[in-house]
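Notes follow the structure.
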Amino acid sequence: MAVLLSTKAATMQDWREALLAVDPTLEIRLFPDAGNPEEIEAAVCWTQHDMAELRRYPNLKLLVSMGAGVDHLLRQPGPPPGVPVARLKDARLTQGMTEWVLLNVLRFHRQDLEYREQQAARLWNELPAPDTHQRRIGILGLGELGGAAAKALLALDFPVMGWTRSPRETPGVRGFHGPAGLEAMLRETDILVCLLPLTPDTRGVINARTLGLLPRGAFVINAARGGHLVADDLLAALDSGHIAAAALDVFEPEPLPADHPFWGHPRVLVWPHAASITIPSSAAPQVVENLHRARAGRPLINLVDFSAGY
Ligand code: GLV
């Protein structure tokens, strides 16, 4: 039996080696060279893989998505019916995201954009010192990634709030939930960080209305999915000065089209969906563990809950 691997050409070999390092007995086929479809027992795929294609493998008993977000799997036609789907929960992936959130929170908090502008003008000018204890961070989503970012921000002494679908206790974090909770949190948020899963409920959550609830001069950081943000609404809020700046790693569509106004906007930091990238050697053990479990009929880890959408 064999494992079908399907990801960007640049990382295919790394993934192959990482999986073989954990279990040298695996037979790995690199898509599109799947060989006999009946021999494929597991597929390890990233967003570009066509879910309809996976219906070719009659003995598929596991699908692993090579990342944290699984919104791509929820689109029609979705994974083959009856095949369990696991995603990655990986400490290195989480750490990468925490670093990216800290990078941007600190850039905004420490007025780095303003100092860059001053440098461009060769201007030696000290700005009023920011107060960490007054800079309120509101995180949308306190799952694996949001929870870790909250912890790191708390360690730096920022006041941290978090919004979740249902009530959730996270030590040190002021929790909010539901639509009323979202409004209440936004009214007090100086730096908004989006780390939500993209579901029909969270699509477009950052829009003209919700941006309008943020205090004037607030910052927006989106590291989740482009679909969380209504790009034109953010542009309008930036251009009116209501939002001071944004750091964006994700867009709809990706790549961000070359003529998109975000590219040249002086108050937008654009990253090419690279805030946190899965490191195959770190993620491979849980993939192999799931494969062994699937073979033995044991319960799988990191399963996607399709009713919740993540
Ligand atoms: C990347 O965007 C991921 O979902 O892991």
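Just a few scattered comments:
- Look at the alpha carbon pairs under 8 Å that are at least 6 residues apart: their mean separation over the length of segment 112-243 gives a relative contact order of 20 percent.
- Calculated FRET efficiency, ASP259 to ARG298, Cβ-Cβ distance, R0 = 45 Å: about 0.30 to the nearest 0.05.
- At full extension, ASP201 and ARG267 could sit 20.9 nm farther apart than now, given 0.36 nm per residue minus the alpha carbon distance.
- Here the contact order of the chain, divided by its residue count and restricted to Cα pairs under 8 Å and six or more residues apart, works out to 18 percent.
- LEU213 paired with ARG110, simple spin-label distance in nm, labels 7 Å along Cα-to-beta-carbon: 3.2 nm
- Each of VAL101, LEU63, LEU74 was placed along the dipole of segment 1-123 (beta-carbon charges, centred on the mean Cα), and the one lying farthest toward the positive end is VAL101.
- The chain - mean residue ellipticity at 222 nm from DSSP helices (-39,500 (n - 2.57) per run, n ≥ 4, rounded to 500): -10000 deg cm²/dmol
- Counting only lysines at least 8 places from LYS8 when in the same chain, those with an alpha carbon closer than 28 Å to its own are LYS61, LYS89.
- Taking GluC sites (Glu not before Pro) as exposed when DSSP calls them loop and at most 12 other C-beta atoms lie within 10 angstrom, the chain has its longest site-free stretch at 170-310.
- Degrees separating the helix 9-22 axis from the principal Cα axis of the chain, which is the longest one: 60 degrees
- Charged neighbours of LEU4, selected by a Cβ distance under 14 Å, balance to -2 (K, R count +1; D, E count -1).
- By the count of other C-beta atoms within 10 Å, a proxy for reagent exposure, HIS228, HIS109 are ordered fewest to most as HIS109, HIS228.
- Counted charge near GLY181, where neighbours are those whose Cβ lies closer than 12 Å (Asp, Glu -1; Lys, Arg +1): +2
- Local net charge near ARG29, Cβ-Cβ under 10 Å (Lys/Arg +1, Asp/Glu -1): -2
- Taking a point 7 Å out from the Cα of SER307 in the direction of its Cβ, the residues of segment 154-174 whose backbone N falls within less than 20 Å of it are 165-168.
- In summary, the chain shows an alpha-carbon radius of gyration equal to 1.09 times the 2.2 N^0.38 Å reference for compact globular proteins.
Coordinate-derived values only; no laboratory data. This is a predicted model, so every value here is computed, not measured. Here Cβ is always computed from backbone atoms with ideal geometry, including for glycine, and neighbour counts include all displayed protein chains.
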